[in-house]
Amino acid sequence: MSEARLRSLMLSGITALKTGELNSARNYFERALYTARDHDLLADLWFYMSEIESDEAKKRNALDEALSYRMTHARARRSLAILNGTLKVGEIVDSNTIIA
């Protein structure tokens, strides 16, 4: 499968995820994961798979997979730190918020 097609599947999955269609998002991500070869793309796909999971063990596994493909994946590291309790959601600085 071409990289353009894989990226299209990932973007369709992200759209489904953002609209709450989790089963559809999972299908898109799993199809892309099955044929992807690029490590950066695999890391992103596993990160998004972690966003679908409600089970903590499955979420942790998906984040570990993402980090196994790209150790510096910032969103996966942040999510894993929140999951481990070493980072609290309230401590995250939103760069889009103006502090007066």
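The table for this structure:
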quantity	calculated
Heavy-atom surface of the chain, accessible at 1.4 Å and reported per residue (Å²)	65
Ratio Rg/Rh, restricted to the chain and using Cα atoms, in which Rh is the Kirkwood radius	1.01
Length added when fully stretched, Arg37-Ser68, from 0.36 nm per residue minus Cα-Cα	9.8 nm
With all protein chains modelled, accessible area of Leu22 [1.4 Å, Å²]	70
Within the accessible area of the chain (1.4 Å probe), percent carbon and sulfur	51
Loop sites in region 1-85: trypsin sites (Lys or Arg not before Pro), DSSP, at most 13 other Cβ within 10 Å	Arg37
Protein-only accessible surface order, largest first, of Tyr34, Tyr69 at 1.4 Å	Tyr34, Tyr69
Rounded tilt (10° steps) of 74-84 against the dominant C-alpha axis of the chain	60
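The values are calculated or read from the model by the stated rules, or taken from the named source; none is laboratory data. Predicted, not measured: the structure shown is a model, and the values here were computed from it. All Cβ positions, even for glycine, are placed from backbone atoms using ideal geometry, and neighbour counts span all protein chains on display. Please note that ligands, DNA and RNA were not included when accessible areas were found on the heavy atoms of the full protein model with its side chains. Shrake-Rupley method; radii C 1.70, N 1.55, O 1.52, S 1.80 Å.
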